[in-house]
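This report concerns only the one structure given below.
A short reminder: the numbers here are calculations on the coordinates, not readings from a lab. Just so you know, these numbers come straight off a predicted model, no measurement behind them. When we count neighbours, we look across all protein chains shown, and the Cβ atoms used for this are built from the backbone with ideal geometry, even at glycine.
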Amino acid sequence: MEFPLACSSNSISGFGSQRREGSKVGRALVIFSGGQDSTTCLYWALRTFGDGNVFACTFDYGQRHRIEIEAARKIARSANVPLTLLPIDTFRHLQQNALTGTGAFDDSINPESHLPKTFVPGRNIIFLTLAAAFAYDHQIANLVTGVAQTDYSGYPDCRQETIQSLQQTLHLAMESRFEIHTPLMNLSKAETVMLAQKLGAMEALAWSHTCYQGLRPPCGQCSACRLRAKGFEEAGIPEPLCRIGDMH
Ligand code: ZN
């Protein structure tokens with residue numbers, strides 16, 4: 001399996017550098033949740049754009065588990081990547097969903113939409129749009145997101161078509177040629193684990209957070225835990241999270 005690894009010899013540094021539009025070199029902003037996929041993307045970005053060229057943003061959108069934000073801070077710090085926390089206190093006022101609601105956690109399928117109740121409508125396109133606004137002001141042309149259309153929950157905003165369409169919209173709306181990178185788009189969860197190992201991200205994955213229940217060690221029962229476990233099992237790679245235990 002060929003993974004989408006690319007090494008950059010570019011060494012632009014500092015926010016004052018010239019943007020290199022539409023290029024794979026330059027600086028990149030990773031949309032970083034502190035989870036398995038975005039941690040892998042962070043290391044992919046470091047490999048692709050080089051140390052000093054990678055930045056991360058984490059959205060505080062009222063997710064029920066603050067452990068996600070703690071994980072993001074810890075991993076970004078250990079990878080020496082500047083992290084910006086951006087608050088969005090909106091999703092929880094728009095609708096009920098499993099990730100921002102206050103009731104008992106429920107990741108079953110919504111009978112009307114046929115999507116998991118963990119689907120937060122508009123989340124990824126809003127994250128990417130706000131990330132682009134941040135990137136615009138900081139001369140960053142590359143956005144990196146861990147969305148994938150394989151082996152996942154069928155979220156419509158994780159599809160290639162959605163990302164391509166949004167990239168074009170951002171280009172038109174800001175007159176700036178952002179490139180949205182989706183290194184995991186066509187990888188299975190097992191392939192994502194293998195990519196993380198190849199990138200040297202396994203130590204960081206020990207601190208990443210996946211469990212929808214917000215538990216650490218993970219509950220092992222929710223859909224996110226099951227998908228993560230399946231990926232490591234199929235990849236034949238030990239799960240680092242279980243080995244290290246509690247993050248504090
Ligand atoms: Zn879980």
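An ellipsoid equivalent to segment 28-244, defined through the eigenvalues of its Cα gyration tensor, has semi-axes of 24, 22, 17 Å when rounded to whole angstrom and sorted largest first.
Of LYS230, LYS189, LYS74, the sequence from fewest to most neighbouring Cβ atoms within 10 angstrom is LYS230, LYS74, LYS189.
For the pair ASN110 and THR169, what calculated FRET efficiency results from E = 1/(1 + (r/R0)^6), where r is the Cβ-Cβ distance and R0 = 22 Å, to the nearest 0.05? That pair, THR169 with ASN110, gives E of 0.25.
Where in segment 25-61 is the amide nitrogen less than 13 Å from a point lying 7 Å along the Cα-to-Cβ axis of SER176? Within reach of a label on SER176, which here means backbone N under 13 Å from a point 7 Å along Cα→Cβ, segment 25-61 contributes 27-29.
Legend: ranking of residues ILE163, ILE126, ILE88 from fewest to most surrounding C-beta atoms inside 10 Å; resulting order ILE88, ILE126, ILE163. Taking other C-beta atoms within 10 angstrom as a stand-in for reagent exposure, LEU130, LEU94 fall in the order LEU94, LEU130, fewest first.
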